[in-house]
Each structure stands twice: as structure tokens, then as C-alpha cells.
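Okay, so here's the structure we're looking at.
The values are calculated or read from the model by the stated rules, or taken from the named source; none is laboratory data. Not measured: the values here are computed from a predicted model. As a convention, Cβ positions derive from the backbone with ideal geometry for all residues, glycine included, and neighbour counts pool all protein chains shown. Heavy atoms of the whole protein, side chains included, go into the accessibility calculation; ligands, DNA and RNA do not. Shrake-Rupley method; radii C 1.70, N 1.55, O 1.52, S 1.80 Å.
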Amino acid sequence: MRHLPDLRVNAERLHNAMEKMADIGATPAGGVHRLALSAEDKEARDLLIAWLEDIGLEIIVDDMGNIFGKRPGKNNKLPPVLSGSHLDSAPNGGRFDGALGVLGTLEVLRTIHEKNVETERPIVIVNWTNEEGCRFHPAMAGSGVWSDRLDKKKIHDQRDSQGRIFIDELQKIGYKGTTPAKRFPVHAYFECHNEQGPVLVNGGKVIGVPRGIVGVRWKKVFLKGTANHAGTTPMNARKDALCAAAEMILKVNELPAKMGQDMVATVGEIDNFPNAVNVIPESVHFSIDLRCWNEDLIARAWDQLTTSLEKTARKRGCTFETKESMNLSRSSFNETLCDRLMEISQSLGYPALKMVSGAGHDAAYLAQIAPAAMIFVPSIGGQSHVESENTTWEDCEAGANVLLHGILASAMEK
Ligand code: HGY
Ligand code: MN
Ligand code: MN
């Protein structure tokens, strides 16, 4: 590390900020329920903005609700170093997912603010809107629109499961900014995040530096059968949408074993109509989440799956339609930044390893338009997107220290 090698974050202040943020949308078993554009998301945003104002940052909110806080450098004509993540959570999710990246960057800015560090370049902190994509598909919508990879109008028109519209909900929480969500040149992007898997904790490592993020495909399946009386309709005269879905869901689950490599496939969402004990199900919607480092394999897997699902639908007399709701190509991070983060980890005495991220992150879109890199810290038990998600405060401190020196090194570059 070339700059201020003895500089460290204030671990206690980071811990307090994380605890305060985790109070917003807190769930009984220690998680958070803070869906995008909810009242809890608004509360979290308001708290973040108050903290950013405390250290004199210039605040910008764009028309996707992305929040930016800018700290000037010596030369503000130079593209900034950008760092952050997201404050929205999965339903009954974890309190580290996303929050660590936003509050870790806040702690970095607080540290360099109180030490009066002057950097060559400006530093910008960001909170991206709707990273999770659980309420409004797709995931990483705020960063995807900002990076010019997703269509803003399409995202603004998205509806949640109750039919509420994204842009109305954004307006309602008061975060539809006037600045158009539009990328600006970025010198380097960093994101600190819990690993959300078992690799670091199983390997006894403190820091993970992913070389990239797997490709992610989300599809919605719509099945239409025929509703009828559960008591009077003979079994051979039924077009039961839920039985068709059940057969299909198992085919999704069996796919990765057939395709091999690191493929994973999940059906997480399902709606059944009319969902009544004595009515044969008329229509079912369910989601498919398919991920793999090998993009060709995903494409082949999807083709095979579609053929087999169509066959099942025909056999059960149901119509079958699919709608793609996310198509995130595999993203590779900047090798120079990754190597530098490994060196910084080593010089700080944190055992580190390079890996691949199975979880999607806003960094996936940033990597398509700027040099980007991530810093992972261990997830106890490899758990995430659950209330019991946990990381030790020492590991949060380690991640924030690596983030501090990663940001400093880039922000000092002329
Ligand atoms: O789906 C994901 O991997 C991320 O948590 N949004
Ligand atoms: Mn996340
Ligand atoms: Mn997540």
C-alpha cells in the first residue's frame, strides 16, 4: 500500500452504523425485511442521506432513486472512484447483504474525512435502487439502468405481485430524483459484500476477491389449465395447472445435475389460482432462476428445459408461456484491481483468495462500463437471504480496511 499504510477504519463506528441500519425493517429473528421502494427502504435512505450530509457530501438522487454522495478531490475534472452497494433486502433477508457495502463505504469516507485526507480524484458513494429484484424484477435495476444496460421506461412500468407500479412507488417514497439516471465516467468501482456462500468460511479465509460473477437468467412461466369442481371431475378429464407446474418444477431442479459444471437452478416464486381446496387449479405462475459461469451451458440448458416443459404442458392439456425477466451476462472484474486488493489484504494480514461470485451484484453492470472489483467477507454457515445471515464484526472491519486502501490507491491516481 503506497498511501497512509497505517490508516484504518473505525470498527466500532462501522458496527454502530450497521446496527442502526439493521433496526430499520428488523425482523424478530435478527434479519431485515426492507423491500425495494417500501416504507422501510425510504427510512433507510433517509438515514443514509443524513449520514452523508454530516460529512459534507454533495447529494444527488437520480430518476431511478439511486443515491450518490460526492466527496471532492484535488482535481474534480478527473473521473471519480465510485463505491457502494444497496440497502434493499430480500424478504426476511439478512442485515449484511448490501448494507455492508454502503456502510463500509460510508465508514471509509468518514475515516478520510476526519483525517483530512486529500485525494487526487473525487470519491462517490452510491446506494443502488432495487438490487434484490424480489419485489420488482429484474435484480440490479438501479445500476442496470444507470449503466445503460436496462431500459428505464420498462423498469419504471414494472409491477409487483400486488400490481403496484415501480415509478409510483418510487414517487411515493419521495426518491424519484430529477437527475436522469445516466452513467458518468468512473475511474474504478468497488463493492464490499458478504460472500453469501460457504467458500471463505470453509477455506478459513477472511477476504474473497471474486474474478467475476456468473451469468444469471430469470424467467417467469405462465401455465393455463381448466378450473373445475374437485369432487365431480374425473381424473382423466382434468387440465390441472398445478400438477403441470409440479412436474415442471422438478425438471428445473434436476437440470444442473444433467448439465454439470457449477450450474444452479431455483424455483423461488409461485402463484396458484384460484388456490381453493375444492377447485382444480386453473392457472399457475412460477419463476426460474438459472445461473452458471459458462454462458453457452446456460443457453443449452434453457433450450433443453423449454422443450421438456412444453412437452409436460401438452401432456397435461395446459397452455405454456414464458417471459424473460433478467438476462445478466457473466461479468469479469478488473485484474489489476483484483491483484491490488489481494496485495492489500496480504499487507493487512488478512488471508485472502480469488473466487467466483454465484450471487449477482450491482458490480456486474459496473464491470461492463468501468474497471470494477469486489471485496467479500465470510458468511457464517455460508448463509444469506435469510434472517440468520451473519458475519463477525472483525471480518466486517477487515473488509472495510481493504475497501479503504483499495479506494485510496485508486483515488490517488492522477
Ligand atoms: O439474486 C442475487 O444473486 C442478488 O442477491 N440479487
Ligand atoms: Mn446484495
Ligand atoms: Mn441479495
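Listed by first and then second residue, the pairs linking a residue in the range 255-269 that is under 13 Å from Trp218 (Cβ atoms) to a residue that is open to solvent by less than 70 Å² (accessible area, probe 1.4 Å) and of a type in the set (S, T, N, Q), with Cβ atoms under 9 Å apart and 6 or more places separating them unless they lie on different chains, are Thr266/Ser287; Val267/Ser287; Gly268/Ser287; Glu269/Ser287. In the range 276-309, the residue that is farthest from Gln162 (Cα to Cα) out of those that are in contact (Cβ under 8 Å) with a residue 24 or more places away in the chain and among the hydroxyl-bearing types (Ser, Thr, Tyr) is Ser308. Screening Ile155 against (1) more than 16 Å from ligand 1 (Cβ to nearest atom); (2) part of a helix (DSSP H, G or I) leaves a single unmet condition, (1).
Which strands (runs of 3 or more DSSP E) sit wholly inside the range 186-240 and have at least 2 residues that are within 19 Å of Val264 (Cα to Cα), out of contact with any Phe, Trp or Tyr (no Cβ under 6 Å at 6 or more places or on another chain) and open to solvent by less than 60 Å² (accessible area, probe 1.4 Å)? Working first, answer last.
Working: elements: 188-194, 207-213, 215-224.
Per the criteria, 207-213, 215-224.
State whether one or more residues within the range 127-134 are closer than 30 Å to Leu4 by Cα and more than 16 Å from ligand 3 (Cβ to nearest atom). No, the range 127-134 contains no residue that is closer than 30 Å to Leu4 by Cα and more than 16 Å from ligand 3 (Cβ to nearest atom). Listed conditions (1) touching a residue at least 60 places away in the same chain (Cβ under 8 Å); (2) more than 15 Å from ligand 2 (Cβ to nearest atom); (3) open to solvent by 20 Å² or more (accessible area, probe 1.4 Å); (4) closer than 29 Å to Asn401 by Cβ are all met by Asn116, apart from (1).
Quick test for you: out of Ile288, Ile249, pick the one residue that is under 26 Å from the mean Cα position of the chain (by Cα), part of a strand (DSSP E or B) and either modelled with pLDDT of 95 or more or within 22 Å of Ser357 (Cβ to Cβ) (or both). Just one listed residue meets the conditions, Ile288.
Give the residues of the range 340-397 that are among the acidic types (Asp, Glu), within 15 Å of ligand 3 (Cβ to nearest atom) and in contact with a strand residue (DSSP E or B) (Cβ under 6 Å, 6 or more places away or on another chain), sorted by residue number.
If the condition is that a residue be among the acidic types (Asp, Glu), within 15 Å of ligand 3 (Cβ to nearest atom) and in contact with a strand residue (DSSP E or B) (Cβ under 6 Å, 6 or more places away or on another chain), then Asp362 is the only one that fits.
May I ask you to verify whether Val102 is closer than 26 Å to Lys176 by Cβ, within 17 Å of the chain's Cα centre (by Cα) and crowded, with 18+ Cβ neighbours inside 10 Å? Spelling it out, Val102 is indeed closer than 26 Å to Lys176 by Cβ, within 17 Å of the chain's Cα centre (by Cα) and crowded, with 18+ Cβ neighbours inside 10 Å. Restricting attention to the range 123-147, the residues that are open to solvent by less than 10 Å² (accessible area, probe 1.4 Å), more than 24 Å from Val81 (Cα to Cα) and within 12 Å of ligand 2 (Cβ to nearest atom) total 1.
Checking each residue of the range 299-313 against the condition of being assigned to a strand (DSSP E or B), modelled with pLDDT of 95 or more and either loosely packed, with under 14 Cβ neighbours inside 10 Å or aliphatic (A, V, I, L, M) (or both) gives no match.
Just checking, how many residues over the range 58-91 are outside any strand (DSSP E or B), more than 15 Å from the chain's Cα centre (by Cα) and surrounded by fewer than 22 Cβ atoms within 10 Å (Cβ to Cβ)?
Of the residues in the range 58-91, the ones outside any strand (DSSP E or B) are 63-66, 72-80, 87-91.
Next, from what is left, pick out any that are more than 15 Å from the chain's Cα centre (by Cα): 63-65, 72-80.
Keeping just the survivors that are surrounded by fewer than 22 Cβ atoms within 10 Å (Cβ to Cβ) gives 63, 72-79.
Matching residues across the range 58-91 total 9.
Please tell me if Leu170 is at pLDDT 95 or above, over 30 Å from Asp395 (Cβ atoms) and within 16 Å of ligand 1 (Cβ to nearest atom). For Leu170, the condition - at pLDDT 95 or above, over 30 Å from Asp395 (Cβ atoms) and within 16 Å of ligand 1 (Cβ to nearest atom) - is not met.
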